[in-house]
Every structure is written in C-alpha cells, then in structure tokens.
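Engineer: Sharing a structure here in structure tokens format.
The values are calculated or read from the model by the stated rules, or taken from the named source; none is laboratory data. Computed from a prediction, not measured in an experiment: that's the story for all the values here. In this analysis, Cβ positions are derived from the backbone assuming ideal geometry, glycine residues included, and neighbour counts consider all displayed protein chains.
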C-alpha cells in the first residue's frame, strides 16, 4: 500500500506542477482577454458574456476538457462614456469601423468595472472548478489612452476521483478505488494591469498569486507534495489598418511559471469591417492554431479554433477544438464588435 501511495503522490505532483494542468490553455483568448487579465472587466459600454468549450488533444484518453462562462461590464452605465458613437448605421459601401472611425476615437471616461467567472477544467481523475468575482477601475491617461487595474477573488475546488486512478496495469487497491471523490477548496486571487489605446494594448496579469500546498487524503488515500504555483502573463497587441475595410491585429502572449521555461504565443488576426475575422496562432514548442469568427448581429458573435500539435502528442491526438460564443447585453450604441478590446 505504501508503494501505491508513493506512486500516486508522484502522479499528483506531476499534474499539479505542470502549467497546462494548473491553468488551462486557451486559443481564443484574443477574443476574451478577460479570462486572463481581470483588469479588462468593464472595458466596453455593455455587458460582455462569453461561453467557451475546449476539447484538447482529441483522441487521447482523459485529455483536458475546459468549459467556462464569463461576464463583465461597467458597474454603472452612468459612469461610462456617453460620447460613444453608434456603429449600427451601416451605409452601403462604408465600413462602420473604418479609418474615419478610428481617427475620432476617444478614451472612455474614468469608470468602474465588475465581472464574474465560472470555470471547470477536467483532466483524467483531476477536476478543477473555480468561481471568481472581479473589480476593476479604468483611468484616462490622455484623450486616446487608458489604464485599467483589476483584481479577482474567489476559490478553486480541486477534486480527485480515486476510482479513475490508473497506474499502467498495476492493480489498484479496492479500498483506494472505493474512496470516491476527494475535494480540496483553496482561495484564489488574481490581479492585472491593462494599458489600451486606439492602436495598441499592453497587459500584465498574475494568476494564482498565493502559492499553496495541496494534498488529497482520507482513510485510504494519502497524496501530497502537490503545489499550486503563481502564473505570470504579459500580453501586447497592435492594430494596423491595411485598408478602410481590412485591419491586421498582431499580438503576443508571454507566460511564466517558475521553475518552468518561459513560454509564448504569437497571434495574427485579420478582420473585415466589423463582420468577420480569421486568425492564426503559434505556441512555442506546442503547435499551431487556425481561428475564424463571425459577428452575427449587434448581440451575438461566435468563434471557432482548431489546434495542431507539433510535439510528440501529434502521434496520438487528432487536434484540439475550441468554440466560443459571445453575447453583448445592453449594447445601446449597437456595436457589432468591441471598441476597446479588439
């Protein structure tokens, strides 16, 4: 029994110290930067709701499955900029988000933002369920530039399903398999800064700020040595107007989890008017992704991405699928796409 406990301890420690298992990967975070940086909460003049479902490494048994729901918006509409111009007027042959629109861009007035996140990430016998509340404040630094600061506070419930423990053919003690689901609830805090203007953004975020030990134990299962580690993210992007109808949006994301090597993503998004977009992404030493999205109307948008691994996983995986659907609630200016979070 001690040998089995030791093996399970190693397995748990490996899962909990791997960055991909502590905080899930997302491909379409460029459409929902709030899932990474809490300072983004309330950046638009409407309530932005996003729901996502990600099937990672399809074809690999017990591969990660991640689902989340986020909602964020200004605390009070009266606190938000009332100078916004409607883009719902769609004159024939004209782009509501063309060069003239961006020349007249002004930063939103100082305002408060709030948000909520619910997330579930499952990998084999381990499951992570989390809920957070967010507060942010957006301050105008110049007529076209703003700085936001935000923090999320909530909890994470890490659960282990002992009945699904598998050690490659080694018989699992019935007492262990019969332990059921063991839960551990931990507090969780994230914080971030987001600098944004009409042509660029730069963000810094820290997730899981407080390092914590985590162990699963009951009368028959005793797994320890796992640790929840802080995650640091740095993101930046720039908007390039190629023509009055087409814009190019290159961006990047750096991620650092000590003591793992620095990781990064490179993204490019091409948008036609405010109607549809397509993009590509490269994740260092992991793979490539293709993305496409459509703004159906002033209230609903959808996105889909497909990842292909360049690591050894490509021999057993049929890729990764991620779908994202968004709702714009209280969109009084009729915007078909975000004004400040493009």
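Engineer: Considering each of 117, 145, 67 in turn, give the residue that is at pLDDT 95 or above and more than 24 Å from residue 202 (Cα to Cα).
Structural biologist: The unique qualifying residue is 67.
Engineer: Can you name the condition, by its number, that residue 313 falls short on among (1) closer than 20 Å to residue 341 by Cα; (2) more than 17 Å from the chain's Cα centre (by Cα); (3) in contact (Cβ under 8 Å) with a residue 60 or more places away in the chain?
Structural biologist: Status for residue 313: all satisfied but (1).
Engineer: While we're looking at this one, here's another question. Report, by residue number, each residue of the range 309-342 that is touching a helix residue (DSSP H, G or I) at 6+ places or on another chain (Cβ under 8 Å), closer than 22 Å to residue 265 by Cβ and assigned to a loop (DSSP other than H, G, I, E, B).
Structural biologist: Passing the criteria: only 341.
Engineer: I would also like to ask the following. Going through the range 154-185 one residue at a time, which ones are in contact with a helix residue (DSSP H, G or I) (Cβ under 7 Å, 6 or more places away or on another chain), at pLDDT below 55 and part of a helix (DSSP H, G or I)?
Structural biologist: 176, 177
Engineer: When you scan the range 73-91, do you find a residue that is in contact with a helix residue (DSSP H, G or I) (Cβ under 9 Å, 6 or more places away or on another chain) and modelled with pLDDT of 85 or more, even just one?
Structural biologist: no
Engineer: Now a separate question. Taking the options 61, 21, name whichever one is modelled with pLDDT under 75 and either surrounded by fewer than 22 Cβ atoms within 10 Å (Cβ to Cβ) or out of contact with any strand residue (DSSP E or B) (no Cβ under 9 Å at 6 or more places or on another chain) (or both).
Structural biologist: 21
Engineer: I'd like to check which strands (runs of 3 or more DSSP E) are fully inside the range 223-308 and have at least 2 residues that are without any contact (Cβ under 8 Å) to a residue 12 or more places away in the chain and under 18 Å from the mean Cα position of the chain (by Cα).
Structural biologist: none
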